[in-house]
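One structure is given below, encoded as structure tokens.
The values are calculated or read from the model by the stated rules, or taken from the named source; none is laboratory data. Please read all numbers here as calculations on a predicted model, not as lab measurements. Every residue, glycine as well, gets a Cβ built from its backbone with ideal geometry; the counts of neighbours run over all protein chains shown. When the accessible area is computed, the model is the full protein with side chains, heavy atoms only, and any ligands, DNA or RNA have been set aside. Shrake-Rupley method; radii C 1.70, N 1.55, O 1.52, S 1.80 Å.
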Amino acid sequence: MSELREPKVDIELAREHGLSDAEYDQILEILGRTPTYSELGIFSVMWSEHCSYKSSKKYLKQLPTEAPQVIEGPGENAGVVDIGDGLAVVFKIESHNHPSFIEPRQGAATGVGGILRDIFTMGARPIASMNSIRFGTLDDPKHRYLLHGVVEGIGGYGNPVGVATVGGETSFHECYRGNILVNAFSLGLVEIDRVFRARATGIGNPVIYLGSKTGRDGIHGASLLASAEFDEQSEAKRPTVQVGDPFTEKCLIEACLELMRSDAIIGIQDMGAAGLTCSSFEMASNSGTGIEFDLDKVPQRETGMTPYELLLSESQERMLLVVKAGQEDRVFEIFERWDLDAAVIGQVVDGGRMKVRWHGKTVVDIPVDPVAASSPELDRATAPPADLRERQKLDLASIAPEQDPGGALEALLDTPDLGSKAWVSRQYDQLVQGDTIIGPGGDAALIRVKREDGTITRKGLAMSVDCNPRWCWLDPRTGAMAAVAEAARNVACTGAKPLALTNCLNFGNPEKPEIMWEFVEAVQGMGVAAEALGIPVVSGNVSLYNETAGRAIYPTPTIAVVGVLEDWEKHAVSHFTKPGMTVVLLGENREELGGSIWLALRRGLECGLPPAVDLAYEKRLHRLLREGVSADLITTAHDVSEGGLAVALTESTITGPERIGVEIELSDGIRPDALLFGESTGRVIVATQDLEGLESLAAGCGVALRRIGRTGGPRLVIRPPQGESWIDAELDRLHELWWNALPRRLEPLEGEEAA
Amino acid sequence: MFAVVQFPGSNDDRDMRFAFKSALGVDSRLVWHKDTELPADTRAVVCPGGFSYGDYLRCGAMAKYSPIMTAVRRFAEAGGPVLGVCNGFQVLCESGLLPGALVRNHQLHFVCEFVYIRVEQAATPFSSRCASGDVLRIPIKHGEGAYFADTELLARLESNGQVMFRYCTPEGEVGPAVNPNGSVSEIAGIRNQAGNVMGLMPHPEHAVEEMIGGTDGLALLGSLVDFVVGRAQ
């Protein structure tokens, strides 16, 4: 038997593991002795910010999580929501920010791999993915490199596993220069009575390890990398980033889904952050049991791995399974067919303790609950940022009016934020599984629901991911409310009913009161909006310490909303579909330029208050859109967001298969630049062939509606009732600017690559 | 009976079967890569898209060693129709059932988009529902779909009428400006000299429904169905 040489455990070593002195004292108390090196490692990852949510859980508990359609809320791997017909959707969004900044390709790839495992762990076949990715500005070659790497990583994993990437957002801002954001969303479909959970019940039932062999990769990867700020030494953490293998994942999906069709499984959990440790503790903790296992039985990629390494490795594509005793052969048979490892490593035991052996010796013996369920909960200090009032100050009278609206529109379309993202989405398989009705580029993605046996249903699923970080920086509460409202509005624009949301909360260092204040404001804003719109929070993820050299990102609570469409053949699109249709505007134009991209781009100012959000109105708007689409009154519905009416109208003219112009006449008692480029919320551009029918429906729903123009011709014309037009542009010209905004900034790097 | 070969890493296998079933009413069977024989009633074999064995080596290079490929080769040599789509095309090239090779796209990125292809040969088991010069709108999604043949092979393919499809404009004009991946002579698909094995990079199975990708792919899959049904009668 080989001698185990491990560092001596003391308070110094605990500090190096990111544990506070108080936490170390608590460990001593729980164990009644000094922990072994492996045990110290376990506590440090289980109590890390990433795994324990210690800074955030106090506030997350207050979120609305229940509704009749919710089958499983936060706490499991992903949320489960009833969509009718005996089917449910399983979805979640998760961050992989820190690893992606260190190693963009693998960081992003394993982000996709991890979220997919969260979905199929629950018994669902993943059917669609989205992502929200944010970078520094593209004049920085490092961020061109990061964009290339992240997109290649998302496609390089998502494409081989055969899950369509149907939507997402890509944006750029100086605040992400030191910390990019990579938030990956995935959604799966499952029959309601076939949902699996992370359970380890039935004393004596075998615990089985599935998937890739364990290696030394990613030790402390997700857990510790994402639980501290970056500094100059972060580059040295590159080896802690895990490496993904989509081929194994694809085989693992098929093997697990095949196994799940049998009734052998008690519980199943993927090995994500903190690998074997976290998954076994969660399963035992959820079930009030204990687990005993033997590390020598774990399939290993390399020799001489220590217990510490085996327990904390974050090697990808691994699962932990508990089956009914006697059903082991069923598992082995399926996994052998797919050439995947499967090994019984232990069993479920009574008494609520985790016991781990290595070379015949007990290396871990700790009670499950104090580690898993009773992890620390912090009540961190909060305080508004000292310059908040300064940020929010905006005297519109002192802002010079836009003299060249046509030029402003062109400049906006040419920004990487508002320009076409086709350069990104073309690198993703948007079509596999054959159900993509609206892919990337629409307000929301829309897919058809097809059962596992290939039977088509009438149901469609709409989904959208959104956040405006500029607004969140100016007012995190309103910004988060607006993110929920926009994602839901986008879903509603297809004609779908928003059902529930998932969130990825990206913030700076929570040890700073102003960051913690941003976090609390945003969480509460999100909660208020979710409650008011009837779309509970069913899953989510918190990513803190997005901060480098003391500079935090803008608060970025990314929201993804999922909705159901009763008949997918009846849906609206965001572009104009033919000439001669009446164009109407739903909602009110207000003189709101605070936090707008126009103000940032044309006046160099990021200030003021973001536009107000009227949640009761949004709810009425959802109903109007749903009933209008269902009654064939609405064929085009496009949300007005960044860049205001002028940009939204342009998008409807140039993003369809054919370019269809429009003539618009606008009047309102507000300054023309606010009318054209202001970002007041709750507005939707609609094209209809039955104005009267729509007017009467809108009146019934309590939504303001006005006719603003007609589709047709090769130009976008926007004019006041009297006088010269504000904007009169050729669609081909606008399309060219919009289409090339991203590629023309990335070409230098492509040239370098080719050379 | 149609046999759809499933390699580990295949991911358009279900879509291919769905296309045959829902749009053309034809049943198919999934054949596992470890099998050594095709089902006895096999009338046509389809190698679907995906990333066989992860495609960590050259695309399709591992799949050619799959036990089932020996049976597919025998089936093809006996004159049975074999269709390869995307990764399936790569597998057929690597297996020697089709000439030439597929290499990395010229822009070095994976590309997923709808493209137009012109039908160059209509009197074949794979395109009888089309006329020469027809333009089809069908999506591509691949990172290594640039067809390559040296000058000599290319001349032979052209003179034998083995070039099946070329990338073109919606109006049917072929040229480098609409070549999405850098394929030589804008080639999107070819057949073998005997005419019973065909491979193409675009995905006909993703263009079989009006509201999901359009129906231009039906012309190709339907031709194969006609051929098999015609033979059976």
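Out of curiosity, is B:Phe165 open to solvent by 20 Å² or more (accessible area, probe 1.4 Å), away from chain A (no Cβ under 14 Å), modelled with pLDDT of 95 or more and more than 26 Å from A:Gly439 (Cα to Cα)? Reasoning before the result, please.
Details: open to solvent by 20 Å² or more (accessible area, probe 1.4 Å): no; away from chain A (no Cβ under 14 Å): yes; modelled with pLDDT of 95 or more: yes; more than 26 Å from A:Gly439 (Cα to Cα): yes.
It is false that B:Phe165 is open to solvent by 20 Å² or more (accessible area, probe 1.4 Å), away from chain A (no Cβ under 14 Å), modelled with pLDDT of 95 or more and more than 26 Å from A:Gly439 (Cα to Cα).
Considering only segment B:99-195, give the strands (runs of 3 or more DSSP E) lying wholly within it that have at least 1 residues that are of a type in the set (Val, Ile, Thr).
Numbers: elements: B:101-103, B:111-119, B:135-142, B:146-148, B:163-168, B:187-191.
It comes to B:101-103, B:111-119, B:135-142, B:163-168, B:187-191.
Residue-wise test of (1) surrounded by fewer than 19 Cβ atoms within 10 Å (Cβ to Cβ); (2) at pLDDT 95 or above.
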position	(1), (2)
A:Gly346	no, yes
A:Pro376	yes, no
A:Leu388	yes, yes
A:Leu396	yes, yes
A:Leu412	no, yes
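What is the one condition in (1) farther than 22 Å from A:Tyr209 by Cα; (2) within 30 Å of the chain's Cα centre (by Cα) that A:Leu340 does not satisfy?
Against the list (1) farther than 22 Å from A:Tyr209 by Cα; (2) within 30 Å of the chain's Cα centre (by Cα), A:Leu340 comes up short only on (1).
Here are some residues: B:Val85, B:Val111, B:Val5, B:Val103. Which one is open to solvent by 10 Å² or more (accessible area, probe 1.4 Å) and either within 30 Å of A:Gly441 (Cβ to Cβ) or more than 9 Å from chain A (Cβ to nearest Cβ) (or both)? Reasoning before the result, please.
Working: B:Val85 fails: open to solvent by 10 Å² or more (accessible area, probe 1.4 Å); B:Val111 fails: open to solvent by 10 Å² or more (accessible area, probe 1.4 Å); B:Val5 fails: open to solvent by 10 Å² or more (accessible area, probe 1.4 Å).
Testing whether each residue is open to solvent by 10 Å² or more (accessible area, probe 1.4 Å) and either within 30 Å of A:Gly441 (Cβ to Cβ) or more than 9 Å from chain A (Cβ to nearest Cβ) (or both) leaves just B:Val103.
Between A:Ser48, A:Ser44, A:Ser52, A:Ser20, which is open to solvent by 20 Å² or more (accessible area, probe 1.4 Å) and out of contact with any strand residue (DSSP E or B) (no Cβ under 9 Å at 6 or more places or on another chain)? Reasoning before the result, please.
Working: A:Ser48 fails: open to solvent by 20 Å² or more (accessible area, probe 1.4 Å); A:Ser44 fails: open to solvent by 20 Å² or more (accessible area, probe 1.4 Å); A:Ser52 fails: open to solvent by 20 Å² or more (accessible area, probe 1.4 Å).
It is A:Ser20.
May I ask you to list pairs of residues, at least six apart or on different chains, whose Cβ atoms are under 6 Å apart, with the first in segment B:18-29 being part of a helix (DSSP H, G or I) and at pLDDT 95 or above and the second being hydroxyl-bearing (Ser, Thr, Tyr) and surrounded by 14 or more Cβ atoms within 10 Å (Cβ to Cβ)?
Within 6 Å, the pairs are B:Phe20/B:Ser28.
Out of (1) within 20 Å of A:Val465 (Cα to Cα); (2) of a type in the set (Lys, Arg); (3) assigned to a helix (DSSP H, G or I), what's the single condition that is false for A:Lys92?
Status for A:Lys92: all satisfied but (3).
From the list A:Gly580, A:Gly563, A:Gly604, pick out the single residue that is touching a residue at least 12 places away in the same chain (Cβ under 8 Å), at positive phi and out of contact with any Cys (no Cβ under 7 Å at 6 or more places or on another chain).
Values: A:Gly563 fails: at positive phi; A:Gly604 fails: touching a residue at least 12 places away in the same chain (Cβ under 8 Å).
Being touching a residue at least 12 places away in the same chain (Cβ under 8 Å), at positive phi and out of contact with any Cys (no Cβ under 7 Å at 6 or more places or on another chain) holds for just one of A:Gly580, A:Gly563, A:Gly604, which is A:Gly580.
Of the residues B:Glu144, B:Glu171, which is open to solvent by 10 Å² or more (accessible area, probe 1.4 Å) and either more than 25 Å from B:Cys112 (Cα to Cα) or out of contact with any Cys (no Cβ under 7 Å at 6 or more places or on another chain) (or both)? Let's see the steps before the verdict.
On the way: B:Glu144 fails: either more than 25 Å from B:Cys112 (Cα to Cα) or out of contact with any Cys (no Cβ under 7 Å at 6 or more places or on another chain) (or both).
Of B:Glu144, B:Glu171, the one residue that is open to solvent by 10 Å² or more (accessible area, probe 1.4 Å) and either more than 25 Å from B:Cys112 (Cα to Cα) or out of contact with any Cys (no Cβ under 7 Å at 6 or more places or on another chain) (or both) is B:Glu171.
Residue by residue through segment A:169-202, note down the ones that are open to solvent by 10 Å² or more (accessible area, probe 1.4 Å), farther than 27 Å from A:Ala124 by Cα and assigned to a loop (DSSP other than H, G, I, E, B).
Result: A:His173, A:Arg177, A:Gly178.
Evaluate the following for A:Glu333: is it within 14 Å of chain B (Cβ to nearest Cβ) and either open to solvent by 20 Å² or more (accessible area, probe 1.4 Å) or not β-branched (Val, Ile, Thr) (or both)? Reasoning before the result, please.
Details: within 14 Å of chain B (Cβ to nearest Cβ): yes; either open to solvent by 20 Å² or more (accessible area, probe 1.4 Å) or not β-branched (Val, Ile, Thr) (or both): yes.
Judged against the criteria, A:Glu333 is a match.
For every residue, the table says whether it meets (1) crowded, with 24+ Cβ neighbours inside 10 Å; (2) at pLDDT 95 or above; (3) under 19 Å from A:Met130 (Cβ atoms); (4) in contact with an Asp or Glu (Cβ under 6 Å, 6 or more places away or on another chain).
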{"site": "A:Arg458", "(1), (2), (3), (4)": "no, yes, no, yes"}
{"site": "A:Met481", "(1), (2), (3), (4)": "yes, yes, no, no"}
{"site": "A:Asn503", "(1), (2), (3), (4)": "yes, yes, yes, no"}
{"site": "A:Gly508", "(1), (2), (3), (4)": "yes, yes, no, yes"}
{"site": "A:Glu518", "(1), (2), (3), (4)": "yes, yes, no, no"}
{"site": "A:Ala560", "(1), (2), (3), (4)": "yes, yes, yes, no"}
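Checking A:Glu29 against (1) under 30 Å from A:Phe230 (Cα atoms); (2) open to solvent by 40 Å² or more (accessible area, probe 1.4 Å): exactly one of these is not met. Which one?
Exception for A:Glu29: condition (1).
Test of understanding: among A:Gln722, A:Gln689, which residue is at pLDDT 95 or above, open to solvent by 70 Å² or more (accessible area, probe 1.4 Å) and polar (S, T, N, Q)? Before you say what the answer is, go through the steps one by one.
On the way: A:Gln722 fails: at pLDDT 95 or above.
That would be A:Gln689, the only listed residue that is at pLDDT 95 or above, open to solvent by 70 Å² or more (accessible area, probe 1.4 Å) and polar (S, T, N, Q).
Any residue in segment A:551-562 that is assigned to a loop (DSSP other than H, G, I, E, B) and closer than 23 Å to A:Ala488 by Cβ? Please lay out each step first, then the result.
Initially, segment A:551-562 is screened for residues assigned to a loop (DSSP other than H, G, I, E, B), giving A:553-555.
Then keep just the ones that are closer than 23 Å to A:Ala488 by Cβ; that gives A:554-555.
Checking segment A:551-562: at least one residue is assigned to a loop (DSSP other than H, G, I, E, B) and closer than 23 Å to A:Ala488 by Cβ.
In the list A:Val298, A:Val243, which residue meets the criterion of being aliphatic (A, V, I, L, M), within 27 Å of A:Pro7 (Cβ to Cβ) and at pLDDT 95 or above? Outline the logic, then answer.
Working: A:Val243 fails: at pLDDT 95 or above.
Result: A:Val298 is the single residue among A:Val298, A:Val243 that is aliphatic (A, V, I, L, M), within 27 Å of A:Pro7 (Cβ to Cβ) and at pLDDT 95 or above.
Pick out, from segment A:622-689, the strands (runs of 3 or more DSSP E) lying fully within it that include 3 or more residues that are farther than 24 Å from A:Cys701 by Cα.
On the way: elements: A:636-639, A:662-665, A:684-688.
Where strands (runs of 3 or more DSSP E) fall fully within segment A:622-689 and carry at least 3 residues being farther than 24 Å from A:Cys701 by Cα, they are A:662-665.
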